[in-house]
1. Do we have residue B:95 as part of a loop (DSSP other than H, G, I, E, B), on the phi < 0 side of the Ramachandran plot, open to solvent by 20 Å² or more (accessible area, probe 1.4 Å) and among the aliphatic types (A, V, I, L, M) here?
2. Does region B:163-184 contain at least one residue that is under 20 Å from residue B:27 (Cβ atoms), in contact with a Lys or Arg (Cβ under 9 Å, 6 or more places away or on another chain) and within 13 Å of chain A (Cβ to nearest Cβ)?
3. Select, from B:469, B:479, the only residue that is in a loop (DSSP other than H, G, I, E, B) and open to solvent by less than 10 Å² (accessible area, probe 1.4 Å).
4. Select, from B:555, B:571, the only residue that is touching a Phe, Trp or Tyr at 6+ places or on another chain (Cβ under 7 Å) and open to solvent by less than 50 Å² (accessible area, probe 1.4 Å).
5. State which residue is surrounded by the fewest Cβ atoms within 10 Å (Cβ to Cβ) when the search covers only region A:14-38 and only residues that are within 8 Å of chain B (Cβ to nearest Cβ) and in contact (Cβ under 8 Å) with a residue 12 or more places away in the chain.
6. From the list B:431, B:442, B:404, B:399, exactly one residue is of a type in the set (Gly, Ala, Ser), away from every other protein chain (no Cβ under 14 Å) and open to solvent by 40 Å² or more (accessible area, probe 1.4 Å). Which is it?
7. Residues to consider are B:374, B:314; find the one that is of a type in the set (A, V, I, L, M, F, W, C), in a helix (DSSP H, G or I) and either closer than 30 Å to residue B:40 by Cα or not assigned by TED's automatic domain parsing to the domain that holds residue B:163 (or both).
8. Would you check which residues across region B:567-623 are at pLDDT below 70, basic (Lys, Arg) and under 16 Å from residue B:545 (Cβ atoms) and list them?
Amino acid sequence: MPQTYAIDVDALAAKYRELQGDAHPDRHSGADEAAKMRAVQLTSLINEGFATLKSPLKRAGYLLSLEGFDAEQVSQADLSMDLLMEQMQLRESLESLPKDESALDELADLKSDTEQKIAKRQQEFEVALTSNDLSDARRLFHEMQFLDKLLQEINSGEEQRLGY
Amino acid sequence: MALLQIAEPGDKPAKPAHRLAVGIDLGTTNSLVAAPCAGKVEILPDADGGYLLPSIVHYGAEGEVTVGADARKSSLTDPGNTVVSVKRLLGRGVAELRDSPQYRHYEFAADRDDHSPAIVTRAGSKDPVEVSAEILKSLAKRAEHNLNGALEGAVITVPAYFNDAQRQQTKDAAKLAGLNVLRLLNEPTAAAVAYGLDSQDQGNIIVFDLGGGTFDVSLLSLQKGVFEVLSTGGDTHLGGDDFDQLLADWISEQAGLSITEVATQRAQLNQLATQLKHQLSELESVEVEFAGWQGELTRAEFADLCKPLVARTITTCRRVLRDGDLKVEDVDNIVMVGGSTRMPVVRDAVANFFGKPPLTNIDPDKVVAIGAGIQADVLIGNKPADSFLLLDVNPLSLGLETMGELVEKIIPRNTTIPVARAQEFTTFKDGQTAMSLHVVQGERELVSDCRSLARFELRGIPPMVAGAAKIRVTFQVDADGLLSAMAEELSTGVRSEIQVKPSYGLNSQQIEEMLQASQEHAREDMEIRALKEAQVEAAQLVDAIQAARAADGDLLTAEEGQQIDTAVAALAKAVQEADSKQLHEQTEALNRLSGEFAARRMDLHISKALRGESINKVESTPE
């Protein structure tokens, strides 16, 4: 696979299945314990790699880590005041919604709005990475992290209201 | 013997060249076993041609253990010594079951220090692993009888929603039954295998499995021979039994039964409820009669009664789609599994939600076992290895307890397995040299709302200020969905690990002991079988010699005849007394004595044959 942010997800999935086809423990059910153990470890690694590359957010973090940046360490300095303000407002509006099904429409709007924001950051991230603008890429990655967290909260809000 | 029975057609079926492996559907209500027969995986029948083995075990007064339909009869007459729906007890603690009205007719053993819900029977206390092993043994015996050989491996299905403890106990039960487990396979995945291979579909499949006691929904994607489980959801305590329970409650309410009447007639009520439910799958309305009360129940009324249960199943479907990030219209096929999906009220609700009729052309009771049989055939090596591959997910999130009794998820649910994930933790006190790690399973935030899987400790952490130590905790889940956890202090490399075993139930020592005990029983069983075979053989010899004496007695001198008659009488006595040693000695003695007689008969008959009589005809006369 080329080391780029924009990837062909179908090609990734096909490659993943090809690798699993050889490595999976079920392919080694007759082998000795050591070989089985190796199969479990290798398959775990392949699964982890696929999960990382499949997710746009994790993929961004991984590509940044290849540039020597630790995705886990977010410092205040990386974040713009505007982003923090926007996030606070979005969260407040999320919390002020009624706790029953009547909020579902508004949640859906908020969700598609957030998804659009994420899509926009993804495009910008790709540009930043290709032009080797790492500081911009880092900023965009942090923004995507925040938006992703928000999206998760919207989702769980929906689930609660749907009675899951 | 051999010479006296020349014409006996002794050709036994040739031993099959492929290795014998079966798929087992170990169900709450019924269990099945399937294996490839003549290129197609089929359910193996019992002696009467039935394919469902009721998952019921009865411990009899004479120490005998019966499984299946015979045991079911005992559930009415001797409920205290009959265990039904044992799958519901697997991996659970006795405390949570004692308060449940469903299990009120069981007496749980008080003296078990492992907290397992062992049921007190006249044969001693029996825990769910032991009871499940009896069911598995019965299935294995059926398979070996059908297939004419010893089993080399088995694939056993479990609900996708089974937690680690339940999976581990299923494996333990198989081990106790002497089975080599090739793989624990999620039931819905097995069902998709059964359908997928036949029709070579590509796309997204929902497997809707409403069995006797458990409910599962799985979302699978099938691409070029690779099944991928995208998400699963379900309820370990929802199934046909609950529909029966609703009906039983309805009947007792309509009939005005008192609480004691309900308690004493529970089994009869349940049986009637099951029967009515089955009838309502065929009929629009049924007559009901119980304890002098008479009434009628229509399909519509029944549907109304079941509404809350059916609604729960649809909510789960919604959630599974959501977890798999797909919409209703992305689902290409819906596979129906489990006897309860025969209910029109369930089928209608599913068709309505997905906007298309579900697949029902494979018997919903058999489909899981057939899929497991197909997978067993692949795993034992009879099928080319690249035929297909199953990629499963873990059904429940796995995490660690952190400060404030909160759960830190390490492997979220619906992660493709096998998987290894690591996370770093630190100390919270200055100079802390040991850390207690508590592994939990579940989706909730608080430890108390999740299931405790295991605790282990990491010692020998060098004293540092709080927050300075770096402890990496790694979770590894294998292809069966079983977890091992490891903790390592990064600066010194001290480490500690644990293979997660169920918090309840047997430890491996107990399993070994029970295995040994069962092997001793197996020896007894083998001896009994050998005796039976010797008895049959001896009786045949006695018959054959008596017939030969009557036909060709003149070939013997009076003394020879006397000797043979004495030996025949001695052997007949040994048969009657079932004396194994005597049987062997007398059979041999008689064979020796009659050897000369047989040879003379051969000569006589050959010379007769030379005169134009056929051997076959001659040899058939003594019979």
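The values are calculated or read from the model by the stated rules, or taken from the named source; none is laboratory data. Computed from a prediction, not measured in an experiment: that's the story for all the values here. Cβ coordinates were reconstructed from backbone atoms using ideal geometry, including for glycine residues, and neighbour counts include every protein chain displayed. Accessible surface areas use protein heavy atoms only, side chains included; no ligands, DNA or RNA. Shrake-Rupley method; radii C 1.70, N 1.55, O 1.52, S 1.80 Å.
1. In short, no.
2. Within region B:163-184 (the criterion being under 20 Å from residue B:27 (Cβ atoms), in contact with a Lys or Arg (Cβ under 9 Å, 6 or more places away or on another chain) and within 13 Å of chain A (Cβ to nearest Cβ)), the answer is yes, since at least one residue qualifies.
3. It is B:469.
4. Of B:555, B:571, the one residue that is touching a Phe, Trp or Tyr at 6+ places or on another chain (Cβ under 7 Å) and open to solvent by less than 50 Å² (accessible area, probe 1.4 Å) is B:555.
5. Looking at residues that are within 8 Å of chain B (Cβ to nearest Cβ) and in contact (Cβ under 8 Å) with a residue 12 or more places away in the chain, I get A:27.
6. Unique residue meeting the criteria: B:404.
7. Criteria check complete, one pass: B:374.
8. none
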